[in-house]
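The values are calculated or read from the model by the stated rules, or taken from the named source; none is laboratory data. None of the values given here were measured: they were computed from a predicted structure. Glycine gets a Cβ as well: all are built from the backbone with ideal geometry, and neighbour counts include every protein chain shown.
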Amino acid sequence: MQTNCASVVIFLLLVSLVIAKIPRTDVTVSGFSSGGAMATQLHFALSNDISGCGVLAGPPYYCGGNGMTMAICLNGPASFISVSAMQTALNSNALYRNIDSLSNIRNDPVYAFSGKYDTVVLPGIATLNEQLYTRFGANVKTNFNMLAHHGFPTDNFGGKCDELNKPNFINNCNFNLAYDMLNHLYGGNLLKPDRNSQTSLTGNMFLFDQVGFMNTPLSLITSQNPSSIKSQWIEKNMILYSLRNGEQPTLNLFNLTIANASEIRTTMARSSLSGFDKQGFVYFPSACIRGQKCSIHVALHGCQMGNYGYNFLFVQ
């Protein structure tokens, strides 16, 4: 499903697995709104590598295909959208090996959210995610009863829960959606943050340049290259920028280059064809820096929520 959103920023959150249930793979994904549409596409297409998905106020897989218009995929009626057609499209793509085996989806944790007052992606559309994933045996947790508009719910920040809060689409709903989703994706035993705590995060947040990853050599993707070759290519292209000039991590962060944010090129010069901002964000929890085994969670924001317009708000 294509969208008219420019610059869908990806940022990576490495989740410490000290008390979490280790997922099937080291990678999970989530997205809000158009980011949710992208997240479910990534999960179904790359399920050899991605083992969990959060679809937050977003339409289901293939909703924009098979003759269905974008308007129907956002505004309904849901009765015009065939879950069976989506299932058929997935089975066909898997048969021709355009996507990974759908057997991977069985038992994968999936979190589906939609606010009851959402008028951007109607609840009846978003709830189709549950129906589709259930057909493939996923472990789906739903959150469809919150009296929320189209926004990312938090427990201590944002506009009124039942209103559309432009420009940031963040709603104060007295509910920590990020925790609830990640807790499901990682087995149900994550420690819940204290909403009243003023404790600062002890990890490191960095910008990274996404341009180097927009034209991955086809040979690197299609051939059976040793992981060392792929790692070398990633290290060559992964340049991190400190958000606070002069700040350096306490350790070497796996030998990755650390530069000052003042050296980075402007985020306004972004690629409209790729759909990505020039920069993304990566957060390293302190335990991961110290060598604790961690998993990667990829989070995708929605339209009009990009760094080019609203700085680090969604990431924070």
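Structural remarks
- Between ASP108, ASP162, ASP155, the distinction of being touching a strand residue (DSSP E or B) at 6+ places or on another chain (Cβ under 7 Å), in contact (Cβ under 8 Å) with a residue 12 or more places away in the chain and either among the acidic types (Asp, Glu) or not assigned by TED's automatic domain parsing to the domain that holds CYS303 (or both) belongs to ASP108 only.
- Pairing residues of the range 29-58 that are not assigned by TED's automatic domain parsing to the domain that holds PRO153 and assigned to a helix (DSSP H, G or I) with residues that are modelled with pLDDT of 95 or more and not hydroxyl-bearing (Ser, Thr, Tyr), at Cβ distances under 9 Å and at least 6 apart in sequence or on separate chains, gives no pairs at all.
- Single condition ASN129 does not satisfy, out of (1) touching a residue at least 60 places away in the same chain (Cβ under 8 Å); (2) surrounded by fewer than 17 Cβ atoms within 10 Å (Cβ to Cβ): (2)
- Matching residues in the range 92-127 - criterion: being closer than 20 Å to ASP180 by Cα and among the aliphatic types (A, V, I, L, M): VAL110, ALA112, ALA126
Conditions tested, residue by residue: (1) hydroxyl-bearing (Ser, Thr, Tyr); (2) part of a helix (DSSP H, G or I); (3) out of contact with any strand residue (DSSP E or B) (no Cβ under 9 Å at 6 or more places or on another chain).
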{"site": "SER84", "(1), (2), (3)": "yes, yes, yes"}
{"site": "ASN93", "(1), (2), (3)": "no, yes, yes"}
{"site": "ILE99", "(1), (2), (3)": "no, no, yes"}
{"site": "THR119", "(1), (2), (3)": "yes, no, yes"}
{"site": "ILE125", "(1), (2), (3)": "no, yes, yes"}
{"site": "ASN129", "(1), (2), (3)": "no, yes, no"}
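- Qualifying positions in the range 22-49 - over 11 Å from the mean Cα position of the chain (by Cα) and of a type in the set (A, V, I, L, M, F, W, C): ILE22, PHE44, ALA45, LEU46
- For the range 152-167, the count of residues that are under 24 Å from TYR117 (Cα atoms) and of a type in the set (Ser, Thr, Tyr) is nonzero.
- Top-ranked residue in the range 143-198 [being among the hydroxyl-bearing types (Ser, Thr, Tyr) and in a loop (DSSP other than H, G, I, E, B); ranked as surrounded by the most Cβ atoms within 10 Å (Cβ to Cβ)]: TYR186
- So LYS141, is it of a type in the set (D, E, K, R) and in contact (Cβ under 8 Å) with a residue 40 or more places away in the chain: yes
- Taken across the range 195-212, residues that are closer than 30 Å to GLN87 by Cβ, in contact (Cβ under 8 Å) with a residue 40 or more places away in the chain and in contact with a strand residue (DSSP E or B) (Cβ under 7 Å, 6 or more places away or on another chain) do not occur at all.
- One residue from ALA57, ALA94 being surrounded by 18 or more Cβ atoms within 10 Å (Cβ to Cβ), at pLDDT 90 or above and at positive phi: ALA57
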